[in-house]
Structures are given as structure tokens and as C-alpha cells.
Amino acid sequence: MAEQRQRQTPPGRESWRLTFHFDGSSVQLRRSERLAMVAPGAVGAPPRGGEQGGAWLEVLDEQDRVIFHRLLHDPFALRAEHHSPDGRIEVHFRRPESTTFEVLVPALPGAQSVRLWVTPPSLERVGAPAREQGRFTLADREDDLGS
């Protein structure tokens, strides 16, 4: 009988799909799974938490060094744009509500965890610096997404 082998994905060709749940005040990593696909690359220099506003996810190695970052657009779904016929665009802010969002990052050698930075919803309107919203170990997991 021939030995059966699973096809392995070459290095750099795997990604983590991370599913987060925001309950209106805190964030949990609900699901993480490795996929045989290439994640998009990072854009620009990594932002600095506590100094810059916005939202992003950092991939950290075992010494907590940032080895990759992914910029995120409104992960808590707090902004809505209104486009007026006269060409003006107005941004309106919603109250924080429960939502789920996904982030795709490369499965890099040495990656141990991820850290999520987001400007707190109550301070977003004034452009306050982002704060750490959570740090999560990279491991395959599947939690109950129904709650």
C-alpha cells in the first residue's frame, strides 16, 4: 500500500482568517483558521499605537515584535457617509452595536499572536489615538458564533 501524503502548502502561501466579535464595548477573537491562500500585503509604515488614530491589526512574534500589520476600515461599523446632491459628503457616527468582522493576515513563520488597535468609539470624532483593544494567540479555534 502506498503511503498517503497530504499536500502541504508552500511557505508564504498560507493565511489566517480571523473572525472578531465586537459586542458594543469589547472585542473577542471568535474564530481563527488557516487557509491555503496568499493574504494581501501591508500598505505603508506600521502605525504607532497610542500616538496615531484609526484601526489596525498587528501580527506579533514571540518577543512581541510587529512582523506584519493590516490597516482596517471602521471595523466596529460606526461611520456612515451621506452624499448630498451638491457634492458634499457628511460623516455621521452611530452608537456602538454588536458586529462581527474578519481580517486576513499572512501565516508568517514565528507569528505567535495578534494585537488589535482601534480608536475608542467614544473618542473617534475627535481623532484620539488608537488604544489596544485586545491581544489574541494565533491558534485554530472555532467558538460559538451565535452568541
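The values are calculated or read from the model by the stated rules, or taken from the named source; none is laboratory data. Predicted model only: the values in this text are computed from it and were never measured. Every residue, glycine among them, receives a Cβ derived from its backbone with ideal geometry; neighbour counts consider all protein chains shown.
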Would you pick out the residues in the range 111-124 that are over 13 Å from the mean Cα position of the chain (by Cα), surrounded by 15 or more Cβ atoms within 10 Å (Cβ to Cβ) and among the hydrophobic types (A, V, I, L, M, F, W, C)? Ala111
So Gln63 ticks every box in (1) modelled with pLDDT of 95 or more; (2) part of a strand (DSSP E or B) but one. Which box is left unticked? (2)
Filter result for Glu81 (at negative phi, in contact with a Pro (Cβ under 8 Å, 6 or more places away or on another chain) and not in a loop (DSSP other than H, G, I, E, B)): no
Hey, can you tell me all the residues within the range 99-110 that are part of a loop (DSSP other than H, G, I, E, B) and loosely packed, with under 12 Cβ neighbours inside 10 Å? Pro109, Gly110
Considering only residues of the range 34-61 that are in contact with a strand residue (DSSP E or B) (Cβ under 6 Å, 6 or more places away or on another chain) and of a type in the set (Asp, Glu), which is nearest to Glu102 (Cα to Cα)? Glu58
Checking the condition on the phi > 0 side of the Ramachandran plot and either touching a residue at least 40 places away in the same chain (Cβ under 8 Å) or in contact with a Ser or Thr (Cβ under 9 Å, 6 or more places away or on another chain) (or both), which residue from Gly24, Gly44, Gly49, Gly53 passes? Gly24
Residues that are assigned to a loop (DSSP other than H, G, I, E, B) and of a type in the set (A, V, I, L, M, F, W, C), drawn from the range 44-60: Ala45
Somewhere in the range 64-87, is a residue in contact (Cβ under 8 Å) with a residue 12 or more places away in the chain, closer than 16 Å to Gly134 by Cβ and in contact with an Asp or Glu (Cβ under 6 Å, 6 or more places away or on another chain)? yes
Restricting attention to the range 7-22, which residues are modelled with pLDDT under 95 and surrounded by fewer than 17 Cβ atoms within 10 Å (Cβ to Cβ)? Arg7, Gln8, Thr9, Pro10, Pro11, Gly12, Arg13
